[in-house]
Amino acid sequence: MYFQWYPGHMTKAKRMMQENMKLVDLVIELVDARIPFSSRNPDIDELGRGKARVVLLNKSDLAEERWNDAWSRYFEEKGFLTVKVNSKKGSGMKAIQTVIGEACKEKIERDRKRGILNRPVRAMVVGIPNVGKSTFINALAGKACTKTGNKPGVTKGKQWIRLNRQVELLDTPGILWPKFEDQKVGLCLALIGSIKDEILNTEELAMELIQFMQEKYPGALEEKYHMEAADDSYEMLKGIAKSRHCLVRGNELDVEKAAALLLDDFRNGKLGRITLETCQNKDENERQLRGREDGEA
Ligand code: G4P
């Protein structure tokens, strides 16, 4: 399976990000807790140089708790203040207020020394499309003040949301572009639904998921779909089609429908809390990825 990303989008996103970055003191970066590595664009480290930084593991309700904790430690060891959140339910928001205060201590102190008092800290939420930026802003602000939905850029113009006396949040989230250099990253993004399904082969993607599930969560699919284990992924897909009565023309199994159903179940957490990407060996992977880019430049 081959994934493509369009440089045009990338250039525009980067320009917007650079402009907005000038306006803020703090960058709140959202990653998807199921794929914290692949849903993160490390270019933000360069773009956000000199800013206070917070990393949020969003959609933590869909990922395994032990890996949420492991990833939190991973980011904390890298020097980021980190919080696990579920923006859809609004959990983790209190902890964020505390962490924002902590992240901005230095700036508030610097201002105080210069005689500037009570100037609010300005923050911006960033992340790749669909990671939950708008949902998070709504949850943090406590009311529906930005539109949510899978349409990056629905909010236009610069507006600030006053979170409290000390913090203001840019109402427009910064859109980071996913990194597609590594096909594994592309696969992870496709599995969580961050790449439009129309440009993907649903069956192939579902078979990748089956392979992963059989390896890391053995027995989970058999239990969920009340079916027997099969030797290969396509047979498993057929088993799901049979169990869920996905049929075409009378009695023929509709494997494509079963593939879509499986992916939907996974994305909505109906297969349980699943972490696709663990943090073991992540630093090594990152070095390799960066090394390849440096080589290309
Ligand atoms: P974006 O601004 O970064 O592009 O993302 P957005 O807020 O639009 O969220 C994308 C999808 O992710 C939404 O689902 C949203 O509900 C869901 N989401 C955001 N945060 C969380 C979370 O912490 N946990 C879970 N489980 N889901 C989250 P959607 O299918 O587009 O819409 P809907 O489900 O709200 O109808």
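The values are calculated or read from the model by the stated rules, or taken from the named source; none is laboratory data. Since the structure is predicted, the reported quantities are computational estimates derived from the model, not experimental observations. Here the Cβ is made from the backbone with ideal geometry for all residues, glycine too, and neighbour counts use every protein chain on show. When the accessible area is computed, the model is the full protein with side chains, heavy atoms only, and any ligands, DNA or RNA have been set aside. Shrake-Rupley method; radii C 1.70, N 1.55, O 1.52, S 1.80 Å.
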Any hit, the range 141-158, residues being at pLDDT 85 or above, more than 17 Å from the chain's Cα centre (by Cα) and part of a helix (DSSP H, G or I): yes
Restricting to the range 66-100, name every residue that is of a type outside the set (S, T, N, Q), assigned to a strand (DSSP E or B) and within 16 Å of the ligand (Cβ to nearest atom). Val83, Lys84
Pairs with Cβ under 9 Å, 6+ apart, first in the range 105-131 and free of Cβ contacts under 8 Å to residues at least 60 places away in the same chain, second within 16 Å of the ligand (Cβ to nearest atom) and open to solvent by less than 10 Å² (accessible area, probe 1.4 Å): none
Can you name the condition, by its number, that Thr82 falls short on among (1) open to solvent by less than 10 Å² (accessible area, probe 1.4 Å); (2) within 20 Å of Thr135 (Cα to Cα); (3) in contact with a helix residue (DSSP H, G or I) (Cβ under 8 Å, 6 or more places away or on another chain)? (1)
Meets criteria (within 10 Å of the chain's Cα centre (by Cα), open to solvent by 20 Å² or more (accessible area, probe 1.4 Å) and not assigned by TED's automatic domain parsing to the domain that holds Ser194) for Phe37: yes
Go through the range 71-93 and give me each residue that's of a type in the set (Lys, Arg) and either closer than 19 Å to Val27 by Cβ or not assigned by TED's automatic domain parsing to the domain that holds Pro36 (or both). Lys78, Lys84
Of all residues in the range 45-65, count the ones that are open to solvent by 10 Å² or more (accessible area, probe 1.4 Å), touching a Lys or Arg at 6+ places or on another chain (Cβ under 8 Å) and either assigned to a loop (DSSP other than H, G, I, E, B) or within 9 Å of the ligand (Cβ to nearest atom) (or both). 5
I'd like to check something: does the range 101-121 contain any residue that is over 25 Å from Cys279 (Cβ atoms), assigned to a strand (DSSP E or B) and more than 16 Å from the ligand (Cβ to nearest atom)? yes
